[in-house]
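The values are calculated or read from the model by the stated rules, or taken from the named source; none is laboratory data. Being a predicted model, the structure only gives us computed values, none of them experimental. Every residue, glycine among them, receives a Cβ derived from its backbone with ideal geometry; neighbour counts consider all protein chains shown.
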Amino acid sequence: MASSPPSLGCLPVELLTQLGSYLCPHCAGRPSYDSQGQESLSRLTRICRRLRDILQPFVFHSFTHIGEAPPRLLSFLYAIAARPELAQAVTTIAVSQPQAGTEFTDHDRRLLEQYLACLRLPYPPTNWPVNEYKRNSILEIIVFYCQRLETLDFVTLYHLNSYQNPLHHASFTRLRGPSMPTSFGLGVQSYLEYDILAPVLGAARTLKSLALPTITGFKPGNGVRLPVMRSLRVLNFRASLPALSFVQALLAHCTQLQKFTLHLRLQVNQERDRSWTVLDAFAALLYVKDTLQELTFEASLDTPFGELNQGCISTLTQFKQLRSLKVNGRCLRALSQSWTLNSGTADMSLFATQLLPPTITNLTIWDPHASLIPALFSFAREKVSGQYPHLTTVLVAASPTSRIWMPRSDWAEHRDQLEEEFEKAGVTISLNLPNAFP
């Protein structure tokens with residue numbers, strides 16, 4: 001008797017698993033909205049039961065919702081509710097647009113109420129708008145079921161605000177960090193209420209990275225308590241304007257933070273928070289002075305230096321692990337003025353010798369003032385003398401975020417001498433100067 005012809009379903013499990021990893025956007029490192037691989041996987045699972053059992057978890061690794069009507073959310077919810085192992089497979093949930101409205105059937109409503117009861121989540125209040133119920137309650141239940149999530153974007157969090165954020169009742173032990181897609185919000189800044197973010201911080205104590213939008217509604221005191229963020233290594237405020245009190249409170253609860261990024265652009269939203277000053281930001285970073293390794297801090301021209309007085313921060317020597325520093329001229333001028341007050345001298349060469357810890361390896365200065373030229377020469381000399389033994393690269397350039405630097409001719413006049421001094425010191429210096437010198 002002739003044997004049956006070979007088929008895809010007869011392939012070894014190892015090969016089918018590799019195929020699933022190749023087609024799955026999450027496993028292959030492709031964007032979650034890349035639906036082509038998901039569709040191919042879905043078609044394969046309908047060939048036979050064996051392919052379904054092996055490949056279906058890959059189909060559920062990533063769930064992306066791009067404005068479809070709630071029935072698609074309902075279908076996804078029914079699947080993970082009926083098969084908990086599929087809920088355990090979900091690693092990424094992303095919502096890029098609000099769901100379009102549609103009518104719920106009585107059957108849909110009864111099922112949702114059943115899920116709420118099973119999960120012990122409260123029912124929505126009787127005066128809760130029906131449209132809100134349609135738009136958010138399904139997503140909330142989905143998130144609650146998928147407690148092995150690794151990433152959850154801020155658009156999704158934004159929609160978890162209908163009546164009871166399920167993250168208050170969940171524990172996400174694998175969540176590495178919420179992400180902030182560039183499409184979220186309008187213009188440069190995006191906003192998220194602290195009441196929506198708080199459950200994430202509480203439910204995911206293992207967070208390693210946070211890239212936050214502008215957080216509003218944070219009020220220190222009044223029983224507001226942030227969890228201790230023992231696992232957090234990276235904190236990024238690149239495209240936001242957080243309240244100073246929120247940044248101070250968050251840094252105070254980071255015990256192992258290694259990388260911090262803050263770009264202060266007060267002119268983007270003048271009325272948002274005028275309490276920021278450059279020196280206040282540096283002072284807040286003292287909470288993480290024993291662990292911080294990489295610091296990126298840029299302040300706009302309208303950011304005040306801060307109140308200058310004896311004892312205010314004037315150098316970064318207290319940051320014992322600092323290896324990489326990226327700052328703009330505004331930040332360094334604030335430190336230099338504070339240092340001048342505390343030291344009694346305005347010698348920029350001496351300021352450079354006391355500015356950084358000996359652990360520094362990379363220094364980037366954006367939009368520097370010409371008064372910092374003597375400090376750069378001092379950096380080269382201190383490298384030779386052993387003050388900065390690990391310094392290997394120095395970059396002077398226009399800010400990649402503002403591109404408004406118009407350096408004086410002093411920089412071009414000193415270019416050759418600076419390059420010569422740093423070459424003698426064994427340091428690579430790049431002077432990326434704009435062509436125009438006013």
- prompt: Restricting attention to the stretch 337-350, does a residue exist that is under 23 Å from Thr261 (Cβ atoms), without any contact (Cβ under 8 Å) to a residue 40 or more places away in the chain, surrounded by 14 or more Cβ atoms within 10 Å (Cβ to Cβ) and among the hydrophobic types (A, V, I, L, M, F, W, C)?
  reply: no
- line: Pairs returned, first residue in the stretch 237-250 that is closer than 10 Å to Leu262 by Cβ, second residue that is part of a helix (DSSP H, G or I), beta-carbon separation under 8 angstrom, 6 or more apart or interchain, are Phe237/Val247; Leu241/Leu266; Leu241/Val268; Leu241/Asn269; Val247/Ala281; Val247/Ala284
- prompt: Within the stretch 410-431, which residues are over 22 Å from Asp367 (Cβ atoms) and assigned to a loop (DSSP other than H, G, I, E, B)?
  reply: Gly426
query: Which one of Leu51, Leu55, Leu73 is at pLDDT below 80, crowded, with 20+ Cβ neighbours inside 10 Å and part of a helix (DSSP H, G or I)?
result: Leu73
- request: Kindly indicate which of Lys326, Lys320, Lys219 is in a loop (DSSP other than H, G, I, E, B), of a type in the set (Lys, Arg) and at pLDDT 85 or above.
  value: Lys320
- prompt: Does Gln88 qualify as being assigned to a helix (DSSP H, G or I), closer than 26 Å to Val59 by Cα, over 30 Å from the mean Cα position of the chain (by Cα) and modelled with pLDDT of 70 or more?
  reply: no
task: Examine the stretch 27-45 for a residue that is loosely packed, with under 10 Cβ neighbours inside 10 Å, at positive phi and either of a type in the set (Asp, Glu) or modelled with pLDDT under 80 (or both), and state whether such a residue exists.
output: yes
- request: Can you give me the number of residues within the stretch 331-380 that are part of a helix (DSSP H, G or I), more than 17 Å from Ser430 (Cβ to Cβ) and over 24 Å from the mean Cα position of the chain (by Cα)?
  value: 22
task: Identify, by number, the condition in (1) outside any loop (DSSP other than H, G, I, E, B); (2) out of contact with any strand residue (DSSP E or B) (no Cβ under 8 Å at 6 or more places or on another chain); (3) surrounded by fewer than 20 Cβ atoms within 10 Å (Cβ to Cβ); (4) not hydroxyl-bearing (Ser, Thr, Tyr) that His390 doesn't meet.
output: (1)
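Conditions tested, residue by residue: (1) at pLDDT 90 or above; (2) touching a Leu at 6+ places or on another chain (Cβ under 9 Å).
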position	(1), (2)
Leu226	no, yes
Leu235	yes, yes
Asp290	yes, no
Glu298	yes, yes
